[in-house]
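The block underneath contains the structure these notes are about, expressed in structure tokens.
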2 protein chains.
Amino acid sequence: MTAGEASGRGPRERMVFSAAQLLRRGGVGATGMRDVVEHARAPRGSLQHYFPGGKEQLVNEAVQWAGRYAARRVARFVAALPEPTPSGLFAAMVHQWTDELATAGETSGCPVAAAVVDRAGACESTRKATATAFATWTGPVAEALADMGVPPARAEALATLMISAVEGALLIARAEGDVRALTTVVRELGPLLDGAVVRD
Amino acid sequence: MTAGEASGRGPRERMVFSAAQLLRRGGVGATGMRDVVEHARAPRGSLQHYFPGGKEQLVNEAVQWAGRYAARRVARFVAALPEPTPSGLFAAMVHQWTDELATAGETSGCPVAAAVVDRAGACESTRKATATAFATWTGPVAEALADMGVPPARAEALATLMISAVEGALLIARAEGDVRALTTVVRELGPLLDGAVVRD
DNA sequence: GGCCGTCTATGACGGCTGTCATAGTAGCGG
DNA sequence: CCGCTACTATGACAGCCGTCATAGACGGCC
């Protein structure tokens, strides 16, 4: 979700991308439509053209985009891992955020989490969008675990645990302005994850 | 954080309580000052009297209150546990939310998480308030683990892991409208927690 | 009674928000 | 050149927000 991710694309995709970006730092309330347009360097008039459903639609698409993005990341991690282990995958997933906090000194959060916090109770369509986003994120993780030798039944559960831990630790890390919680979670959860692998 | 928690108290404490309550469901943006006053059945004029620092102060106090509340809960769990084990404590912590979702069919989230998502990047004082809230929550948990036989060095780390897992699973549960993530996390993390106990 | 500190009441203000109405331009097939 | 579709431009609107100014009520204490 770094910069340059959406250059060359059409204005529509740039707006979705920018919305996700802005959601990460201030939540739904602090993310104005005008801000999105400006951040995406898109024409303002295009808003009502591409997103007749208004802010709700834009937020929903941003959330779904984030889900697909996370899934893509996982796939890339798995492909790049020298010798794939569950703890290695988990470390790679977390590393993305520790890096960001280390370089920028301040983290943005997860756009899906922001949508849940701000809209889950008020807007059913957005709630569903966040649910599918988590699902499209959990899927590849569970699949990767299964490929590493984790029994399929447990792979799904462990994937949920991994994502829960990441999201929670990210909250704490943002609060503390420090990567401590993220690194702690990686260290403590690693052995458990690797222990679920069944040698064959 | 159930109803009746703040009856009989002065209007000031009622407003802090109500703020925390409202933060849980819609985040900071959706929580208006007028809403807080109405929810607390407090006089509107008292706002600028008790909270001259405005919304920022009110949110900060609500967050700190939530931290103390969570710590109190943990202490009560520990006292009530028949035979104290780390997994038992963790299950009790999570049970509070599964209960709420089961009865109400819809969960509110954690006010501290809401404050982080909506204000961590914009308001330094609120960010610090969330950090101390997490700290006052983690403290009793780590202490309880140490009392159960977990080496103090690991107790702190495991407490962070537990709270991370709860917060993350709560996000997923709200998104899915289902307790699945919460129960999964309890089941998968339990053995790891109990395994950290050093018999003497 | 007069004063004062604590608390409450109420209306107004400026600013920002999402949304919409209306009009305009660009490009293309005919 | 016409007409059509896709896209953009811009200003206005109603509504809500947090904040503040001002003034009133209550109660104790000299």
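Taken together, the values in this text are just the output of simple stated rules run on the coordinates, not laboratory data. Bear in mind that the values here come from a model prediction, so they are computed numbers and not experimental data. Positions of Cβ are generated from backbone atoms using ideal geometry, with glycine treated the same way; all protein chains shown enter the neighbour counts.
Please enumerate the residues belonging to region B:163-181 that are facing another protein chain (nearest Cβ under 7 Å), among the acidic types (Asp, Glu) and either within 16 Å of the chain's Cα centre (by Cα) or in a loop (DSSP other than H, G, I, E, B) (or both).
B:167
Going by the conditions given, is residue B:100 within 14 Å of chain A (Cβ to nearest Cβ), without any contact (Cβ under 8 Å) to a residue 40 or more places away in the chain and away from DNA strand D (no atom under 16 Å from the Cβ)?
yes
Looking at (1) more than 14 Å from chain A (Cβ to nearest Cβ); (2) of a type in the set (Gly, Ala, Ser); (3) within 16 Å of DNA strand C (Cβ to nearest atom), find the lone condition where residue B:30 falls short.
Tallying (1) more than 14 Å from chain A (Cβ to nearest Cβ); (2) of a type in the set (Gly, Ala, Ser); (3) within 16 Å of DNA strand C (Cβ to nearest atom), residue B:30 fails exactly one: (1).
Is there a residue in region B:63-73 that is without any contact (Cβ under 8 Å) to a residue 24 or more places away in the chain and more than 16 Å from DNA strand C (Cβ to nearest atom)? Working first, answer last.
Keep residues of region B:63-73 that are without any contact (Cβ under 8 Å) to a residue 24 or more places away in the chain, which gives B:72-73.
Next cut, more than 16 Å from DNA strand C (Cβ to nearest atom) only: B:72-73.
Yes: region B:63-73 contains one or more residues that are without any contact (Cβ under 8 Å) to a residue 24 or more places away in the chain and more than 16 Å from DNA strand C (Cβ to nearest atom).
Would it be correct to say that residue A:65 is more than 15 Å from DNA strand D (Cβ to nearest atom) and under 25 Å from residue A:123 (Cβ atoms)?
Answer is yes for this residue.
All but one of (1) more than 13 Å from every other protein chain (Cβ to nearest Cβ); (2) within 15 Å of DNA strand C (Cβ to nearest atom) hold for residue A:41; which doesn't?
Among (1) more than 13 Å from every other protein chain (Cβ to nearest Cβ); (2) within 15 Å of DNA strand C (Cβ to nearest atom), residue A:41 violates only (2).
Considering B:184, B:160, which residue is at the interface with chain A (Cβ under 7 Å from one of its Cβ atoms), more than 30 Å from residue A:123 (Cα to Cα) and surrounded by 18 or more Cβ atoms within 10 Å (Cβ to Cβ)? Talk me through it step by step, then tell me what you get.
Values: B:184 fails: more than 30 Å from residue A:123 (Cα to Cα).
After ruling out the rest, the residue left standing is B:160.
What pairs can you find where one residue is in region A:82-97 and over 23 Å from residue A:174 (Cβ atoms) and without any contact (Cβ under 8 Å) to a residue 12 or more places away in the chain, the other is crowded, with 19+ Cβ neighbours inside 10 Å and of a type in the set (Phe, Trp, Tyr), and their Cβ atoms are less than 9 Å apart, with a gap of 6+ or different chains?
If the second residue must be crowded, with 19+ Cβ neighbours inside 10 Å and of a type in the set (Phe, Trp, Tyr), the pairs left are A:88/A:77.
Kindly indicate which of B:131, B:114, B:142 is free of Cβ contacts under 8 Å to residues at least 12 places away in the same chain and buried (at least 19 other Cβ atoms within 10 Å of the Cβ).
Criteria check complete, one pass: B:131.
Return the only residue of A:70, A:42 being over 17 Å from the mean Cα position of the chain (by Cα) and farther than 23 Å from residue B:25 by Cα.
Working: A:70 fails: over 17 Å from the mean Cα position of the chain (by Cα).
Matching residue, one of A:70, A:42: A:42.
Take residue B:77 and tell me if it is away from DNA strand C (no atom under 16 Å from the Cβ) and away from chain A (no Cβ under 14 Å).
It is true that residue B:77 is away from DNA strand C (no atom under 16 Å from the Cβ) and away from chain A (no Cβ under 14 Å).
How about region A:38-62: which of its residues are among the hydrophobic types (A, V, I, L, M, F, W, C) and more than 9 Å from DNA strand D (Cβ to nearest atom)?
Across region A:38-62, the qualifying residues are A:40, A:51, A:58, A:59, A:62.
Just need a number here: residues in region A:146-200 that are out of contact with any Pro (no Cβ under 7 Å at 6 or more places or on another chain), among the small types (Gly, Ala, Ser) and more than 30 Å from residue B:115 (Cα to Cα).
Residues meeting the conditions: 4.
Do you know which of the residues in region B:105-136 that are among the charged types (D, E, K, R) and part of a helix (DSSP H, G or I) is nearest to the other protein chains (Cβ to nearest Cβ)?
Filtering region B:105-136 for residues that are among the charged types (D, E, K, R) and part of a helix (DSSP H, G or I), the one nearest to the other protein chains (Cβ to nearest Cβ) comes out as B:118.
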